[in-house]
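Every number in this text was worked out from the coordinates using simple rules, so none of it is lab data. Remember, predicted model here, so these are calculated numbers, not experimental data. Here Cβ is always computed from backbone atoms with ideal geometry, including for glycine, and neighbour counts include all displayed protein chains.
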Amino acid sequence: MIPSTEECFRFMDLYGMLDHIRDHSMMVEKIAHIIALGLRESGLPLSIRLVGAGALMHDIGKTPCLNTAKDHAAKGKEICLQNHLDEIAEIVSEHVTLRQYHPNADITEKEVVYYADKRVKHDQVVSLEERRTYIIERYAKGNEELLLLIERNFDICREIEKRIFSRLDFEPGQLAEMVK
């Protein structure tokens, strides 16, 4: 089932999503929606409902994982599957790290949400580089293995950005103005 916007907010309440995480998720949804609409207009058969629900629910596992070493993306997938939200489970599961990325295939809903999440720091639209710097400072903390994973993620994200915006009639830097 793809949950409606109202159902996504009910799940946020049910799982105690903190306000700042909810605000972040709502901004990710706005960015993902703009991108998905543009990509649909360019001829890609993306589901706007799937992108919207995936974006709103991408951090559903974050609050339960705070102050633990648990993977919030895996927890989010678990929550989705427990609630019969199978259609968005993979989007939620791979919003941090894409495990199944195919650079020569069409852009997917999962990649749109992945990219949109990388463009939102808290509830503000930022460049990939600003978000990358923030994530390194916040999470890597001298861990070389984690730093390499973050760098790899952002290499993929830059590639996705090029692929997305080669199909759109606006530039990445215009997104912040488009959500106002």
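How high is the relative contact order of segment 39-180, in percent, with contacts defined as C-alpha pairs under 8 Å that are six or more residues apart? For segment 39-180, the relative contact order is 21 percent.
Normalised by residue count, segment 59-122 yields a Cα convex hull volume of 90 Å³ per residue.
Any idea which of 98, 85, 148 is furthest toward the positive side of the dipole for segment 82-164, if Lys and Arg beta-carbons carry +1 and Asp and Glu beta-carbons -1? After comparing all options, I get 148. Listed peptides 83-94, 169-180 appear in the order 83-94, 169-180 once ranked by packing, highest mean of other Cβ atoms within 10 Å at the front. Computed 3J(HN,Hα) for segment 44-50, one whole-Hz value per residue from the Karplus formula 6.51 cos²θ - 1.76 cosθ + 1.60 where θ = phi - 60°, is 7, x, 8, 8, 5, 4, 5, glycine and proline marked x.
The ellipsoid equivalent to the alpha-carbon distribution of segment 1-108 has semi-axes of 23, 16, 12 angstrom, derived from the gyration tensor eigenvalues as √(5λ) and listed largest first.
Only helical runs count toward this figure. For the chain, summing -39,500 (n - 2.57) over DSSP H runs of n ≥ 4 and dividing by all residues gives -18500 deg cm²/dmol at 222 nm. Going 7 Å from the Cα of residue 176 along its beta-carbon direction, which residues of segment 124-154 have the amide nitrogen within less than 17 Å of the resulting point? Zone members listed by number: 124-135.
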